[in-house]
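The values are calculated or read from the model by the stated rules, or taken from the named source; none is laboratory data. Owing to the predicted nature of the structure, the values given are computational and were not obtained by experimental measurement. Here the Cβ positions follow ideal geometry from the backbone for every residue, glycine too, while neighbour counts run over all protein chains shown. Accessible surface is based on the protein model in full, side chains and every heavy atom, while ligands, DNA and RNA are left aside. Shrake-Rupley method; radii C 1.70, N 1.55, O 1.52, S 1.80 Å.
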Number of protein chains: 2
Amino acid sequence: MYSSQYWYLQNHSLFKHLNNSDLNEICYIAAYKTVRKGDIIFFSEENNGRVFTLKKGSLKIVKIDVEGNEIVKDILKVGDLFGSLDLIESNEDEYAIVLSDTATFCSFKTADFEKFIENKPEVAVKYTKWIGFWFKRLENRYSNIMFKDVKTRLLNFLKDIAKDHQTDPDGYVSLPNYLTHQDIASLICSTRQTVTSLLNTLKSEGIITYSRKEIKVKISVL
Amino acid sequence: MYSSQYWYLQNHSLFKHLNNSDLNEICYIAAYKTVRKGDIIFFSEENNGRVFTLKKGSLKIVKIDVEGNEIVKDILKVGDLFGSLDLIESNEDEYAIVLSDTATFCSFKTADFEKFIENKPEVAVKYTKWIGFWFKRLENRYSNIMFKDVKTRLLNFLKDIAKDHQTDPDGYVSLPNYLTHQDIASLICSTRQTVTSLLNTLKSEGIITYSRKEIKVKISVL
DNA sequence: TGGAAAAAGTCTTTTAGCCGACAAACACAA
DNA sequence: TTGTGTTTGTCGGCTAAAAGACTTTTTCCA
């Protein structure tokens, strides 16, 4: 158990080049938790001000806006960071929901993490670059939403998930489908009905096939 | 001249608490430049991979998208950081245009800056927090664009500039108007015509008055 | 000072995609 | 297997705002 945790952090790009004693140190301040499908991780309360990294499974990040609508902000996969990335404090109107059967994540109190990186400048720089990268990712996603029509956005969304999956010999990528049309709509900033009918359009165009459990995308068109 | 540069960095929130020798060090790697209205600062070529901070004046950040359209991404004011914030590399399709009569900025090569923060972890943490703050700002701007109608977006845009200006005794904030309707449209993700007619609607509603030189906004409605 | 270019103003037409309403299909529990 | 909640499918009406076309005003510099 402990060794798997050590192994995970050692292989995380943030901590890859640390020596053993530093790795022990980061392991020491790390808390692990395994949760089940549908479980919610609130970023407030006992998790207030924590930086998380996902060790296993997948999550969706949800935000409640002022009108009380649930907005799906992001889908995260293994290795991704989330939570109080700015090392300031957590957003009280945000939480994560587990999509996979189980998910394991690791977290640090921002204060601990801050203290840690103050003595490991190379981690500080890596972390800064990581945040910068995440920033650009957000920027791209939003410019996608603003300047592309819904169909393009949907295809880009599929492309985005597909890049983390293997292509089958028949030229299709099979994506496990954790998400409802409502979720997808929220992610690409559209409506349930539009997503449903666009998915059917794509199906009739031969670009995708899908069931409730998976979506298969013809990789060549992406 | 040199003392003013020293003074600027000393008072920048990123470097505020550095001792004299560290301040000298950051001053040593800083390059200053003063440019005039309309001048363009490309982020590629000789400026490739630089982090900038604006010492005086105001700028707009413009991006050329794949279709060749100019998108106004941001308006920056004194103290703001821009350029290769992720410390990786600069965006070749982005540049800054000077809006004020003159602008002075200070810049560091990312490699120099990276080296600097490696030995000043507290600056690294501050920088990370700064990026985090900028992150939230981006998030807010885009959620504004995605979920509000154009009129609300326009008002929020005005509010956003207004908060950096003094309120007149008559309850109006006077904003110098560097921007064309086209620029505003681009910032709030709308069209020139829509902005023009909305501004006139707001004028007839008594919420704003404007000329080519300034916009006055009734602060109470914001 | 005049004349061209840029910006602003005002129409009208067009359209993407939101929204509500309802029905069908599925999931899951008892 | 039957019932109940959830997700998906389909349709037409509707509207905000984009897009186009043209005029008027302002800017600015030769």
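Could you check the range A:144-163 and list, in sequence order, the residues that are over 16 Å from the mean Cα position of the chain (by Cα), at pLDDT below 90 and more than 16 Å from B:Asn140 (Cβ to Cβ)?
If the condition is that a residue be over 16 Å from the mean Cα position of the chain (by Cα), at pLDDT below 90 and more than 16 Å from B:Asn140 (Cβ to Cβ), then A:Asn144, A:Phe147 are the ones that fit.
If you take the residues in the range B:188-198 that are near DNA strand D (Cβ under 6 Å from one of its atoms) and within 14 Å of chain A (Cβ to nearest Cβ), which one is nearest to B:Lys159 (Cα to Cα)?
Step by step, filter the range B:188-198, then rank; the result is B:Ser190.
List pairs: first residue in the range A:138-162 and facing chain B (nearest Cβ under 8 Å), second residue in a helix (DSSP H, G or I) anywhere in the structure, Cβ distance under 6 angstrom, at least six positions apart or on different chains.
Filtered contacts from the range A:138-162: A:Tyr142/B:Tyr142.
Output yes when any residue across the range A:199-216 is over 21 Å from the mean Cα position of the chain (by Cα), more than 14 Å from chain B (Cβ to nearest Cβ), away from DNA strand D (no atom under 11 Å from the Cβ) and at positive phi, and no when none is.
yes
Do you know which of the residues in the range A:99-125 that are more than 10 Å from every other protein chain (Cβ to nearest Cβ) and open to solvent by 40 Å² or more (accessible area, probe 1.4 Å) is modelled with the lowest pLDDT?
Checked the range A:99-125; the qualifying residue modelled with the lowest pLDDT is A:Asp101.
Looking at the range A:127-146, can you tell me whether even one residue there is under 20 Å from A:Lys77 (Cβ atoms), within 14 Å of DNA strand D (Cβ to nearest atom) and open to solvent by less than 20 Å² (accessible area, probe 1.4 Å)?
no
If you take just the helices (runs of 4 or more DSSP H) that sit entirely in the range B:120-212, which of them hold at least 2 residues that are away from DNA strand C (no atom under 11 Å from the Cβ)?
B:121-147, B:150-162, B:181-188
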